[in-house]
Amino acid sequence: MSGGVCAMPASGPENALLHIIRMHDRPKSIKELARLANRDDVPNIQYSLRKLIGAGLVVRKGAGRSGVSYEVTDEGRRVTDDYGALRRRLLLAELGNLPGFSTRLAEAARVLNVLTGIYEEVARVAATHRRA
């Protein structure tokens, strides 16, 4: 799972689910997980949750009407942290292989700043615009 940072064999959707559960370090209900993952196959989400719980990466809290939520365990936190660090190292290595990338990135940032300024100015004008 998660790019070789955990012994549990997991599918892409299970890996994504683990990271979604970790997001903002707060518990998520199955309804939130389905929405955040843009999925409507709740039985498959439940199956993935059982696998993640069995691997000790996620814990289920609550019951019935009071509401069930899922959160990562300390091991799940370690796995997601390690995966993030691995992904960061790999991404930076790939970006380092692109000639002139840092210059192109700096130019893109300047263009985005200009566009942001234009957008904010147009939003102010639109907010105060009066029809005759």
Over the range 11-53, relative contact order from alpha-carbon pairs under 8 Å, at least 6 apart, %: 43
Using alpha-carbon coordinates, inclination of helix 74-96 to the longest axis of the chain, degrees: 40
Candidates V42, V58, V72: whichever shows maximal mean-square fluctuation once the chain is modelled as a Gaussian network with Cα springs under 10 Å: V42
Estimated distance in nm for a label pair at L90 and A109, the labels positioned 7 Å out from Cα along Cα-to-Cβ: 2.5
Cα gyration tensor shape for the chain, rounded if a/c is under 1.5, else prolate or oblate: oblate
Folded to 0 to 90 degrees: helix 42-54 orientation relative to the chain principal axis, Cα: 70
Added length on full extension, which subtracts the Cα-Cα distance from 0.36 nm per residue, Y119 to E32: 28.1 nm
Normalised contact order of the range 32-132, rounded percent, pairs of Cα under 8 Å and 6 or more residues apart: 12
Candidates L36, L49, L18, ranked by Gaussian network fluctuation over the chain, Cα under 10 Å, top entry: L36
Angle between the chain longest axis and helix 101-128 axis [Cα atoms, degrees, rounded to 10]: 70
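All of the numbers you see were taken from the coordinates with simple rules; none came from a lab. Keep in mind it's a predicted model, so treat the numbers as computed, not measured. No Cβ is skipped: glycine too gets one built from the backbone with ideal geometry, and neighbour counts run over all protein chains shown.
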